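First comes the structure, then the notes that go with it.
Nothing in this text is a laboratory measurement; each read-out follows from the coordinates by a stated rule. Bear in mind that the values here come from a model prediction, so they are computed numbers and not experimental data.
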């Protein structure tokens, strides 16, 4: 049982990291589309 709990704890971090990365990428892509529509630079 302890192995299952420890394994789940270790494996949850890549999932959380992937979720945060996806959120950041989605926000950047949205900002890029808005900047392109307004004909201005992203930065």
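log₁₀ I(q)/I(0) of the chain at q = 0.14, 0.32 Å⁻¹, via Debye over equal Cα point scatterers, no solvent, to two decimals?
-0.50, -0.96
Treating the angle as unsigned and between 0 and 90°, give the value, to the nearest 10°, between the Cα long axis of helix 2-37 and the longest Cα principal axis of the chain.
Compared with the principal axis, the helix lies near 0 degrees.
Show that you can apply the helix-only estimate: for the chain, add -39,500 (n - 2.57) for every DSSP H stretch of four or more residues, divide by all residues, and state [θ] at 222 nm to the nearest 500.
Using -39500 (n - 2.57) per qualifying helix, the result is -30500 deg cm²/dmol.
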